[in-house]
Amino acid sequence: MLRQIVLSKTAEKKLYNLFMYLQTNWSEKVKLIFISKLEQRIQIVRQKPEAFPKSKIKKGLHKCVDTRQTTLYYTFDEKSIHVLKIFDNRQNLDKPIEEIN
């Protein structure tokens, strides 16, 4: 059974902002490629969530680099993957963990 993907409010907001940025500043093709890569990465996380590195800062937190520009931070249990944050890697690198509750 595949785990359900649950996005936190923070992850939803970051994803929405990222989509809007791509739509405004890049082509539709770039946006569709990003979405395709994100969907592929999420499917891997759903199937093998333990395959991605654990955080040394927060217990139970995993880090999945989606593209050079984006990273997913998540936790999981038997039924769900909880995406806590979608981080733009071009931002301050101290913030991703600090902002995860």
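Here, each number is a calculation from the coordinates, and none is a lab measurement. As the structure is a prediction and not an experimental result, all values here were calculated from the model. Every residue, glycine as well, gets a Cβ built from its backbone with ideal geometry; the counts of neighbours run over all protein chains shown.
Straight-line cross-link partners of Lys59 among the lysines, defined as a Cα under 22 Å from its Cα and at least 8 positions apart when in the same chain: Lys9, Lys48, Lys79, Lys85, Lys95. In sequence order, region 58-67 has phi-based couplings of 10, 4, x, 8, 10, 10, 10, 7, 7, 9 Hz under the Karplus curve 6.51 cos²θ - 1.76 cosθ + 1.60, θ = phi - 60°, and Gly or Pro positions carry x. Taking a ≥ b ≥ c as the square roots of the eigenvalues of the alpha-carbon gyration tensor, the chain is classed oblate because a/c is 1.5 or more while a/b is no larger than b/c. For region 29-34, the Karplus equation 6.51 cos²θ - 1.76 cosθ + 1.60, evaluated at θ = phi - 60°, returns couplings of 4, 4, 4, 5, 5, 4 Hz by residue, with Gly and Pro reported as x. Maximal additional length on extending the Lys79-Phe19 stretch stands at 18.8 nm, based on 0.36 nm per residue less the C-alpha distance. Helix-derived [θ] at 222 nm for the chain: sum -39500 (n - 2.57) over DSSP H runs of at least 4, divide by residue count, nearest 500? The helix contribution divided over the chain gives -13000 deg cm²/dmol.
What order do you get for Met1, Met20 when you list them from fewest to most C-beta neighbours inside 10 Å? Each step should come with its number before you reach the end.
Details: Met1 5, Met20 11.
Fewest to most other Cβ atoms nearby, the residues stand as Met1, Met20.
Put a dot 7 Å past the Cα of Ser27, heading toward its Cβ, do the same for Arg46, and the two dots end up 2.9 nm apart. The charge dipole of the chain, taken about its Cα centre with unit charges on the Cβ atoms of Lys, Arg (+1), Asp and Glu (-1) only, comes to about 160 debye. Karplus-based coupling profile of region 41-46, in residue order and whole Hz: 5, 5, 5, 5, 4, 4, with θ = phi - 60° in 6.51 cos²θ - 1.76 cosθ + 1.60 and x standing for Gly or Pro. Computed from Cα atoms, the angle from the helix 9-25 axis to the main principal axis of the chain rounds to 20 degrees. Database remark: amide H of Phe76 closer than 5 angstrom to the amide H of His82 (H placed geometrically; neighbours at sequence offset of 5 or more, or on other chains; Pro and chain starts carry no H). Take the Cα of Arg68, step 7 Å toward its Cβ, do the same at Met1, and the gap between the two points is 4.1 nm.
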